[in-house]
1. For the stretch 171-189, what are the residues that are closer than 14 Å to residue 113 by Cβ and either open to solvent by 10 Å² or more (accessible area, probe 1.4 Å) or among the aliphatic types (A, V, I, L, M) (or both)?
2. Given the conditions (1) closer than 15 Å to residue 130 by Cα; (2) modelled with pLDDT under 80; (3) open to solvent by 20 Å² or more (accessible area, probe 1.4 Å), which single one is not true for residue 67?
3. Considering the stretch 340-361 alone, what residues qualify as being over 30 Å from residue 503 (Cβ atoms) and either open to solvent by less than 10 Å² (accessible area, probe 1.4 Å) or aliphatic (A, V, I, L, M) (or both)?
4. Tell me whether the stretch 374-392 contains one or more residues that are out of contact with any Asp or Glu (no Cβ under 8 Å at 6 or more places or on another chain), open to solvent by less than 50 Å² (accessible area, probe 1.4 Å) and at pLDDT below 90.
5. Looking at the stretch 473-498, which of its residues are free of Cβ contacts under 8 Å to residues at least 12 places away in the same chain and either within 11 Å of residue 327 (Cβ to Cβ) or of a type in the set (D, E, K, R) (or both)?
6. Would you mind stating whether residue 45 is over 24 Å from residue 339 (Cβ atoms), modelled with pLDDT of 80 or more and open to solvent by 10 Å² or more (accessible area, probe 1.4 Å)?
7. Scan 224, 211 and give me the residue that is under 30 Å from residue 114 (Cβ atoms), at pLDDT 85 or above and over 23 Å from the mean Cα position of the chain (by Cα).
8. Report, by residue number, each residue of the stretch 133-160 that is under 12 Å from the mean Cα position of the chain (by Cα) and farther than 24 Å from residue 123 by Cα.
Amino acid sequence: MAELKSPKIDPENAKNEYNLFKSSLAQIGTIIVQNVIMLGFGMSLAIPTVVIGSLMSDEVDGGGGDSMTLTETEASWYGSVLLVCHPTGGLLSGVLQEIVGRKWCMALVSVPQLVGWYVLWRAGNAFDLYVSCVALGLSMGLSEAPVLTYVGETVEPRLRGPLSSVSTFTIMLGSFIAYLMSTVMPWRTVAMINMAVPVISFAAVVLLTPESPVWLLSRNRPDEAKRSLAYLRGCVSTADVEDEFSELSIYAGFNKSVDLEQYADCGIDERRLSYVKYLQINTNDTTNAEIDILANQNQIGFLDTLRSFWSPELNRPFLFIMLFFFFWSFATFIPAKPYLITVFSEIGLPCSAQWTLVYTSILTLVGTLLNVLTVAKIGKRPITLVSMALCAFSMLGIGMYMLSTTYFSFSSTWIPMILLNALFFFSGYGVFPIPWMLVSEIYPTKGRGIASGLTAALAFLMTFILTKFFLEMQEWFTLPGLFIVYGSITLVGTLYLYACMPETENKTLQDIEHFFIGDLDDYEDHDNQN
């Protein structure tokens, strides 16, 4: 959300603020409701692991009484096509959420997701599996950007960190549920049960989620925007959110009647103030048509956003977050996800690969939950650096252990078990959720929807390439060598983030924008004030 230092949102001025408990409850409830979508995301992300583990096993029954099998080549495509379709959905979501709004873009996610689960349930050959992955991948891409954008535009700073990490926790929860179901039922039954998720998420979003006030302002619908903001602040009256709404209007560049002097020190940059002043000079109460034209000029389309990537407000955070996602792909070990059952079997662990899949997903889930509870206190930067470093050392340790068993006949199954536990716990605690949280914060308001969609698309395009060639890379480097390569790249990523990553927790969106455009003095001044 676009926030400024205001009596309405300053918890120290309790006599002037609306009820913080009701406001928090409304925002938490809204974000939890919309994150039912991300439950389906997690299930979609996990299902190739379940299906490939079943159809490539030595004793295949197809998970449903049939004799369907997958070759290694078919498995590599099935395991990665989900991720190559995700970027398409991400790019599409960037356009859709600007056209139909954040709310309806999230609601539309349910359509391809329902199709994907149905086709998977009825699949008879590898082509059907590919079709199901195309649909599920599109739904994943469509969901991520609007969910992240919605959090950034509607949630107050004091809640933004924890609530932006809820989506990652829900993804992990969805994966865990899919893995757990796969231990007691065939994959076809899992797909059939999962068909209920998009139906529930569609109803939840349509009935219980208000539209983003920022998007409504961008469509020159201030009355609806004010009602939405009032709902998100605890179903209060619109009069109670008048001050915050006025500030939100300035941040979005649509308040044409405000006294600029009182906001001179509120962190609004000169470009926005100049735009508001321009509107004041060039509009009046009787020229509604002219006001509509000027409001439309403030909307930004896909091509406009691409052209604006030449500006530091967009290209600097974009380059930073894409490098973060490059290292993220290695640190989370996500390219190996479709093949984890085979990987766990080769490492040599004291329990079966299937149950290892379940308990490692529990560790990731616990790590993500801990992130939700501690990110506001500790901050994103220290959590990221510690988690990245420990993930790097865990992968390096597993690789060296496997080499020692090959060349020195050393064996202790509990050593890789402990290292594997550390890898999955810390990837869930810091590495996996933090970059997605940053996506909702680092981009300016204008173009945020499209920029976040493009970021999600390119992030998963990188992951698709690494996943598609994971088996080939395993043949080149061997599995121990691959662990060492992944660990080394993650270690380099830790050093990069130490040098370049800002702390965004408890910072206003204006502060973060100042950092990326190079106004470090202003960023540090606000840091000292906080």
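1. Passing the criteria: 171, 178.
2. The one condition residue 67 does not meet is (1).
3. If the condition is that a residue be over 30 Å from residue 503 (Cβ atoms) and either open to solvent by less than 10 Å² (accessible area, probe 1.4 Å) or aliphatic (A, V, I, L, M) (or both), then 340, 341, 343, 344, 347, 349, 353, 356, 357, 358 are the ones that fit.
4. Yes: the stretch 374-392 contains one or more residues that are out of contact with any Asp or Glu (no Cβ under 8 Å at 6 or more places or on another chain), open to solvent by less than 50 Å² (accessible area, probe 1.4 Å) and at pLDDT below 90.
5. 475, 495
6. Working: over 24 Å from residue 339 (Cβ atoms): no; modelled with pLDDT of 80 or more: yes; open to solvent by 10 Å² or more (accessible area, probe 1.4 Å): yes.
The answer is no for residue 45.
7. 224
8. 143, 144, 145, 146, 147, 148, 149, 150, 151, 152 - these are the residues of the stretch 133-160 that are under 12 Å from the mean Cα position of the chain (by Cα) and farther than 24 Å from residue 123 by Cα.
The values are calculated or read from the model by the stated rules, or taken from the named source; none is laboratory data. From a predicted model like this one, the values you see are computed outputs, not experimental measurements. We place every Cβ from the backbone using ideal geometry, glycine too, and count neighbours over all the protein chains shown. Areas reflect the complete protein model, heavy atoms only, side chains present, ligands, DNA and RNA absent. Shrake-Rupley method; radii C 1.70, N 1.55, O 1.52, S 1.80 Å.
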